[in-house]
Amino acid sequence: MAQEQSQIGVIGLGVMGRNLVLNIAEHRFPVAGYDKKSEQVEQLRKDSAGLPVRAYEKLRGFISALRKPRIVLMLVPAGPPVDSVLHDLLPHLSSGDILIDAGNSYFEDTNLRAKNLADKGIHFLGTGVSGGEEGARYGPSIMPGGPEDAYKTVEPILTAIAAKANGEPCIAYLGPGSAGHYVKMVHNGIEYGLMELIAETYDLLDRGLDFSDSELSEIYGGWNRGLVSSFLVEITAQIFRRIDEKTHKPLIDLICDEAKQKGTGMWTSQDAMRLGVPVPNIDTAVAMRDLSAYKNLRVEESHILSGPVIKPQEDIETIVEDIYKALYVSMIMTYSQGFALLLAASKNYGYSLDSSVVAKIWRGGCIIRSGMLEQIKTAFESQPDLEHLLDDKYFAGEVVNNQQSLRNVVCKATQLGLPVPGMMAALSYFDGLRSAWLPANLIQAQRDYFGAHTYERVDEKGTFHTQWSNKEVQKHETISKS
């Protein structure tokens with residue numbers, strides 16, 4: 001291989017980084033890889049034989065291998081590791097160089113890093129990448145944000161390596177600042193919500209209806225050809241088919257019931273609360289992962305707290321069909337909440353996000369890709385001012401027509417004593433949205449009673465306070481009128 005300078009460099013040669021390097025190289029872009037761990041560097045050298053790849057464990061050699069302006073893509077864990085890499089890199093960089101953070105960095109950290117680097121003349125692109133190991137190797141969904149001119153410089157490379165859906169690359173410039181990392185954060189929040197919902201259907205089918213693992217694989221395989229067609233449902237069907245090589249038992253039955261998390265779901269919930277956007281399916285998914293970690297307590301309480309006895313069910317086919325449709329409705333609710341948050345964030349943070357573009361680049365490569373994203377793209381494309389996905393006639397009709405199945409499943413789960421908080425959250429979100437009146441007037445009154453927080457009236461504009469505890473005479477003091 002001719003020792004020409006590389007068009008792009010990748011820092012972090014773990015599985016994701018190494019696969020991304022190979023993806024770039026197979027699209028004929030000369031690429032350099034760097035990692036402090038010699039075993040990672042050696043593995044890349046082995047895997048990239050015959051490709052325009054060079055691998056380094058010394059930073060100086062890596063930097064000198066890059067043509068100017070240098071393009072460096074980082075694939076390292078979020079938080080301090082990113083700052084550590086930036087600290088090491090900065091002395092070697094020049095004005096006009098471009099850094100791409102392709103990890104799951106918190107969007108406010110991205111804003112701060114971008115500002116600090118801009119002061120030194122260095123462009124910083126906060127870029128979400130989704131697709132896992134396979135996506136990195138064969139085409140992920142890529143969500144770039146930051147200076148648009150810098151993005152145009154790297155666009156040919158990123159577009160070439162991105163996944164394709166209906167012949168279109170799953171990448172688009174999303175907006176300034178931390179737009180890319182924000183969209184990736186919400187992507188992961190939706191991912192949390194969808195995974196919780198699928199796990200609840202598994203519990204209902206397994207403990208509630210006593211299906212075997214092989215039967216579960218058939219059920220999810222069938223579902224993946226219908227309304228809930230998606231990557232997550234597809235891999236769920238595959239998971240139930242996997243036999244452990246050591247014990248020759250279904251592997252799923254040997255996995256601990258404690259779900260880990262890296263923070264992106266929590267960040268989504270936190271910022272949604274800050275912006276005042278309800279995302280109950282994401283909130284619930286985070287909470288249930290937290291609850292799963294209380295393994296010892298759950299084991300103890302299982303011997304103390306009793307609930308309904310799960311009995312054999314009649315009309316199994318009807319229940320399974322209801323679970324299928326309940327999952328469908330709940331998935332729509334989860335996507336709806338995610339897109340509502342993106343809309344609010346776009347307005348508050350100046351991202352100028354286009355929801356149809358976000359849906360478009362999520363159709364392939366990413367973890368939350370599903371059949372319904374094509375229709376979501378169409379909904380936002382045909383109605384640029386669409387405030388909420390359930391304002392769209394198609395999705396409103398789908399939810400209304402299938403809501404009874406969700407209600408049936410929530411009732412059935414309650415009778416069986418099986419937790420389905422994600423489905424309950426989806427149903428309550430739907431019922432709350434369609435309610436012209438909610439009991440928040442009582443909350444306003446309570447807040448005013450104990451804290452003089454004031455309230456508004458339905459018959460008069462202004463802000464009011466009442467001396468609620470005075471039993472003789474209640475005073476209604478007008479605080480302000482508009």
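The values are calculated or read from the model by the stated rules, or taken from the named source; none is laboratory data. Just so it is clear, the model here is predicted, and its values are computed rather than measured. Every residue, glycine among them, receives a Cβ derived from its backbone with ideal geometry; neighbour counts consider all protein chains shown.
Observations, loosely collected:
- Qualifying residue in the range 389-398 (condition: among the aliphatic types (A, V, I, L, M), surrounded by 19 or more Cβ atoms within 10 Å (Cβ to Cβ), assigned to a helix (DSSP H, G or I) and touching an Asp or Glu at 6+ places or on another chain (Cβ under 6 Å)): no
- Restricting the range 158-175 to residues that are over 15 Å from residue 29 (Cβ atoms) and more than 21 Å from the chain's Cα centre (by Cα), the residue that is surrounded by the most Cβ atoms within 10 Å (Cβ to Cβ): 168
- Boolean, residue 149 is charged (D, E, K, R), closer than 23 Å to residue 29 by Cα, assigned by TED's automatic domain parsing to the domain that holds residue 74 and more than 17 Å from the chain's Cα centre (by Cα): yes
- Residues of the range 85-125 classified as acidic (Asp, Glu) and within 30 Å of residue 266 (Cα to Cα), total: 4
- Every residue from the range 113-172 that is within 30 Å of residue 91 (Cα to Cα) and among the aromatic types (Phe, Trp, Tyr): 124, 151
- Any hit, the range 189-212, residues being in contact with an Asp or Glu (Cβ under 7 Å, 6 or more places away or on another chain), free of Cβ contacts under 8 Å to residues at least 24 places away in the same chain and more than 25 Å from residue 352 (Cβ to Cβ): no
- Within the range 111-138, the set of residues being part of a helix (DSSP H, G or I) and either closer than 19 Å to residue 148 by Cβ or in contact with a Leu (Cβ under 7 Å, 6 or more places away or on another chain) (or both) comprises 111, 113, 114, 115, 117, 118, 136, 137.
- Among the residues of the range 38-70, those identified as buried (at least 19 other Cβ atoms within 10 Å of the Cβ) and within 19 Å of residue 98 (Cα to Cα) are 62, 63, 65, 66, 70.
- Residue among 272, 237 that is over 15 Å from residue 185 (Cα atoms) and either at pLDDT 95 or above or of a type outside the set (Val, Ile, Thr) (or both): 237
- Restricting attention to the range 1-21 and to residues that are of a type in the set (A, V, I, L, M, F, W, C) and crowded, with 21+ Cβ neighbours inside 10 Å, the residue that is farthest from residue 68 (Cα to Cα) turns out to be 16.
- Screening residue 339 against (1) under 21 Å from residue 220 (Cβ atoms); (2) in a helix (DSSP H, G or I) leaves a single unmet condition, (1).
- Flag for residue 213 being modelled with pLDDT of 95 or more, among the acidic types (Asp, Glu) and in contact with a strand residue (DSSP E or B) (Cβ under 8 Å, 6 or more places away or on another chain): yes
- Among (1) without any contact (Cβ under 8 Å) to a residue 40 or more places away in the chain; (2) hydrophobic (A, V, I, L, M, F, W, C); (3) surrounded by fewer than 21 Cβ atoms within 10 Å (Cβ to Cβ), the one test that residue 344 misses: (1)
- The range 91-133, subset in contact with a Gly (Cβ under 9 Å, 6 or more places away or on another chain) and acidic (Asp, Glu), residue surrounded by the fewest Cβ atoms within 10 Å (Cβ to Cβ): 109
- Residue check for residue 182: hydroxyl-bearing (Ser, Thr, Tyr) and within 17 Å of the chain's Cα centre (by Cα): yes
Yes/no matrix, rows are residues, columns are (1) in the same structural domain as residue 202 (by TED's automatic domain parsing); (2) touching a Lys or Arg at 6+ places or on another chain (Cβ under 9 Å); (3) hydrophobic (A, V, I, L, M, F, W, C):
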{"position": "293", "(1), (2), (3)": "yes, yes, yes"}
{"position": "305", "(1), (2), (3)": "yes, no, yes"}
{"position": "352", "(1), (2), (3)": "yes, no, no"}
{"position": "358", "(1), (2), (3)": "yes, yes, yes"}
{"position": "372", "(1), (2), (3)": "yes, no, yes"}
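- When residues in the range 235-264 are screened for being in contact (Cβ under 8 Å) with a residue 12 or more places away in the chain, closer than 22 Å to residue 211 by Cα and hydroxyl-bearing (Ser, Thr, Tyr), 1 of them pass.
- Of the strands (runs of 3 or more DSSP E) lying entirely inside the range 39-110, those containing at least 3 residues that are in the same structural domain as residue 148 (by TED's automatic domain parsing), under 23 Å from residue 23 (Cα atoms) and of a type in the set (A, V, I, L, M, F, W, C) span 71-74, 98-101.
For (1) within 23 Å of residue 369 (Cα to Cα); (2) within 24 Å of the chain's Cα centre (by Cα); (3) crowded, with 16+ Cβ neighbours inside 10 Å, each residue gets a yes or a no:
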{"residue": "234", "(1), (2), (3)": "yes, yes, yes"}
{"residue": "239", "(1), (2), (3)": "yes, yes, yes"}
{"residue": "257", "(1), (2), (3)": "no, yes, no"}
{"residue": "269", "(1), (2), (3)": "yes, yes, yes"}
{"residue": "288", "(1), (2), (3)": "yes, yes, yes"}
{"residue": "292", "(1), (2), (3)": "no, yes, yes"}
{"residue": "308", "(1), (2), (3)": "no, no, no"}
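- Pairs linking a residue in the range 431-447 that is more than 27 Å from residue 395 (Cα to Cα) to a residue that is hydroxyl-bearing (Ser, Thr, Tyr) and not in a helix (DSSP H, G or I), with Cβ atoms under 6 Å and 6 or more positions apart or on different chains, are 444/455.
- Residue 458, sole failed condition from (1) under 25 Å from the mean Cα position of the chain (by Cα); (2) outside the structural domain of residue 342 (by TED's automatic domain parsing); (3) among the β-branched types (Val, Ile, Thr): (1)
- Test for residue 217: is it of a type in the set (Ser, Thr, Tyr), in the same structural domain as residue 287 (by TED's automatic domain parsing) and farther than 25 Å from residue 163 by Cα: yes
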